[in-house]
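The values are calculated or read from the model by the stated rules, or taken from the named source; none is laboratory data. What you see is a predicted model; the values in this text were computed from it and never measured. When we count neighbours, we look across all protein chains shown, and the Cβ atoms used for this are built from the backbone with ideal geometry, even at glycine.
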């Protein structure tokens, strides 16, 4: 989960940087000596260039997040499968141990019952 948060923060940082660069470029053009038409053309070009760069960065970030998601889903699947295997293995061993314990208790009960009745018969 922390990696996702770090990726989101990194993406937000990139977007903030690009937005700041775009604003800086616009201010630089506004204060540079140029005609109105030339200035508007430069602003349009800069805005288009920054928008394309922003699209590329956004797409790149989406691809990274998608790859991370796929890897995480695969790992979760592997871990879940392994956990189920271990559970089934331990469940089988526990059932076997429980069955042995039941048998031992049954034998001990029979032994004690036999001793008790034998002692009762001797005393009578």
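In table form, for the structure just shown:
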| quantity | calculated |
| --- | --- |
| Verdict on residue 61 being touching a residue at least 40 places away in the same chain (Cβ under 8 Å) and surrounded by 10 or more Cβ atoms within 10 Å (Cβ to Cβ) | yes |
| Some residue of region 70-90 being assigned to a helix (DSSP H, G or I) and touching a helix residue (DSSP H, G or I) at 6+ places or on another chain (Cβ under 9 Å) | yes |
| Among the candidates 69, 42, residue that is closer than 17 Å to residue 9 by Cα and out of contact with any strand residue (DSSP E or B) (no Cβ under 8 Å at 6 or more places or on another chain) | 69 |
| Qualifying residue in region 100-110 (condition: outside any helix (DSSP H, G or I), surrounded by 10 or more Cβ atoms within 10 Å (Cβ to Cβ) and either modelled with pLDDT under 90 or over 49 Å from the mean Cα position of the chain (by Cα) (or both)) | no |
